[in-house]
Amino acid sequence: MNRDAKTQSALIALARTRRMQRALAHAYLHRNAPLPTLRTALGYMTMTACVTEPGNDQAIAHRMTVLGIARNEGVAYVVEELGPDETPVVYRLWLHGPRTGFLVPIHTWYEEADSIEAIRAKIAALPALEPVAKTTSEAWMLSTRIVQRRALRLASPGAAGDLPIRKFALQLLVEPVSGHGPSGKTTVTAFLRPGAQLAEVWAIPGSDAAIARVSYTGIPSGVGLDKDTVVLLTSSVYDE
């Protein structure tokens, strides 16, 4: 008797039973919900609803800029501009250690200050940062992968109220075209369409590491506005 084959068959049968149980439970919970219509199904594939508020047509894309490198902290300072009248968001991008590649907002700045002027004053008061050198972005290529798909429903009345807002967990992978050199990846939340574009790449002086700026549809306003993220590109753990 082949015990392995028997065990495998038992596991497959168990998995099928569990799936059937979950399907029956889901059907029972949603037994009074209306059946999806063809119009809704086609709308998910071809259309998205407008999610901008009335009078909010002046929204702009969010842009990120690398301010420079703080060698003593082992981080790069990154600022995200949300608009001329909005408080910018300042991040630390960790270049080495257990948080290598993590983009972390500086929460303490916003706990101590609550105005645009105060945050800009803190940015101006940063110690001298080592500048990064802009390099050719054609030396790298961006590939994307949809990790997860979701649809958000609007709670607004009107003709577009029953149309879904598409939401994606989008993995971004930046690699050198030559196949040799630093690379990096991250996962972001994209809305409406899973599109992304490699915008800029900066080289970190004194190492083979680099920082890439990627734009994607990350703001579900109107037809969707761009948002930036930065990705640390390394071939090994960053060392001073």
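The values are calculated or read from the model by the stated rules, or taken from the named source; none is laboratory data. Just so it is clear, the model here is predicted, and its values are computed rather than measured. As a convention, Cβ positions derive from the backbone with ideal geometry for all residues, glycine included, and neighbour counts pool all protein chains shown.
For Lys227, are the conditions met, namely being in a strand (DSSP E or B) and without any contact (Cβ under 8 Å) to a residue 60 or more places away in the chain? Lay out the reasoning, then the answer.
On the way: in a strand (DSSP E or B): yes; without any contact (Cβ under 8 Å) to a residue 60 or more places away in the chain: no.
Judged against the criteria, Lys227 is not a match.
Specify which of the listed residues (Val75, Val89) is in contact with a Phe, Trp or Tyr (Cβ under 7 Å, 6 or more places away or on another chain) and under 24 Å from Lys185 (Cβ atoms).
Values: Val89 fails: in contact with a Phe, Trp or Tyr (Cβ under 7 Å, 6 or more places away or on another chain).
Only one candidate passes the filter, namely Val75.
Can you pull out every residue in region 100-126 that is over 20 Å from Thr229 (Cβ atoms) and assigned to a loop (DSSP other than H, G, I, E, B)?
Scanning region 100-126 gives Ala113, Asp114, Ser115, Ala125, Leu126.
Report whether or not Ala169 is more than 16 Å from Leu232 (Cα to Cα), of a type outside the set (Phe, Trp, Tyr), under 14 Å from the mean Cα position of the chain (by Cα) and modelled with pLDDT of 90 or more.
Working: more than 16 Å from Leu232 (Cα to Cα): yes; of a type outside the set (Phe, Trp, Tyr): yes; under 14 Å from the mean Cα position of the chain (by Cα): yes; modelled with pLDDT of 90 or more: yes.
So Ala169 fits the description; yes.
Could you list all residues from region 196-240 that are within 14 Å of the chain's Cα centre (by Cα), surrounded by fewer than 20 Cβ atoms within 10 Å (Cβ to Cβ), modelled with pLDDT of 90 or more and of a type in the set (A, V, I, L, M)?
Leu198
Is it the case, given these coordinates, that Glu111 is under 17 Å from the mean Cα position of the chain (by Cα) and of a type outside the set (Lys, Arg)? Outline the logic, then answer.
Values: under 17 Å from the mean Cα position of the chain (by Cα): no; of a type outside the set (Lys, Arg): yes.
When the stated conditions are applied, Glu111 does not pass them.
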